[in-house]
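Reviewing the structure listed below.
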Amino acid sequence: MDMGFLYRLTDRTKLGLMIKNIADIRSSSRGDPENTSRSDFTLPTYITAGCSMKTDLPSIMGNNWIFSVDNEFIYGRYGSSAENRARFWLLRGGVEKQIHPSVCLRGGVIIPIIAETDSLGNIRDDLPGLKIGGTLGIGVTFGKIIFDAAIYGDPARGYIEQTIRIKGVVSLSIRF
């Protein structure tokens, strides 16, 4: 179960909080029908808190800029083993520029401050490259429907595969 809140502090400033995997909800599966063993799979809890501010920059840069920063904490059991526990703290910052009333472009960085698991130890020092991930995205609004797409550098996957990894995400939202 996930839950999120968005509070408009002023016309230009918003505060947000999101909690994912609140309860220790587990999914069970049976792989091979010949094998009667059962495996449980659980996910760690994610807590994200952040803020964004809309501002107008000097005339060269134009209007309609949004700057944001957030912290994401990931902790708890994951996977099918009781020994798999994660502790991550990610700091993220971003900028968004509205280039048309219905289109905006986004960019940002993801910085892993803490990245460790019980089975792998401190993996932050072993992340490849600059130990940060970049993001690029686009958002398009059609009335009450919002389409978002982004690509980003994934530091955790980069550690596992020991190379820089790029991932993508697409979302569709409907405003009520």
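HN-Hα J couplings of the range 76-92 from phi, Karplus 6.51/-1.76/1.60, θ = phi - 60°, integer Hz, Gly and Pro as x?
So the Karplus estimates, Gly and Pro as x, are x, 5, 8, x, 10, 10, 5, 7, 7, 10, 10, 9, 10, 9, 10, 9, 10 Hz.
What's the FRET efficiency of Asp2 with Ile151 using the Cβ-Cβ distance as r and R₀ = 25 Å, to the nearest 0.05?
Numbers: r = 23 Å, r/R0 = 0.93.
Taking R0 as 25 Å, the efficiency between Asp2 and Ile151 is 0.60.
Tell me the label-point distance for the pair Leu17, Leu57, using the 7 Å Cα-to-Cβ offset, in nm and rounded to one decimal.
3.2 nm
List every residue whose amide H lies under 5 Å from the amide H of Lys131, counting only residues 5 or more places away in sequence or on a different chain, with H placed 1.01 Å from N in the peptide plane.
none
Please work out how much length the chain gains when fully extended from Leu9 to Asn122, using 0.36 nm per residue of separation minus the C-alpha to C-alpha distance, in nm with one decimal.
Numbers: separation 113, 0.36 × 113 = 40.68 nm, distance 3.73 nm.
Length gained between Leu9 and Asn122: 37.0 nm.
Using r as the Cβ-Cβ distance of Ile47 and Ser102, and R0 as 45 Å, what FRET efficiency do you calculate, to the nearest 0.05? Before the final figure, lay out each step's value.
Values: r = 32 Å, r/R0 = 0.71.
Computed FRET efficiency for Ile47 and Ser102: 0.90.
Rule-based calculations on the coordinates, nothing more; no lab input. Fair warning: this is a prediction, and the values are worked out from it, not measured in the lab. Glycine gets a Cβ as well: all are built from the backbone with ideal geometry, and neighbour counts include every protein chain shown.
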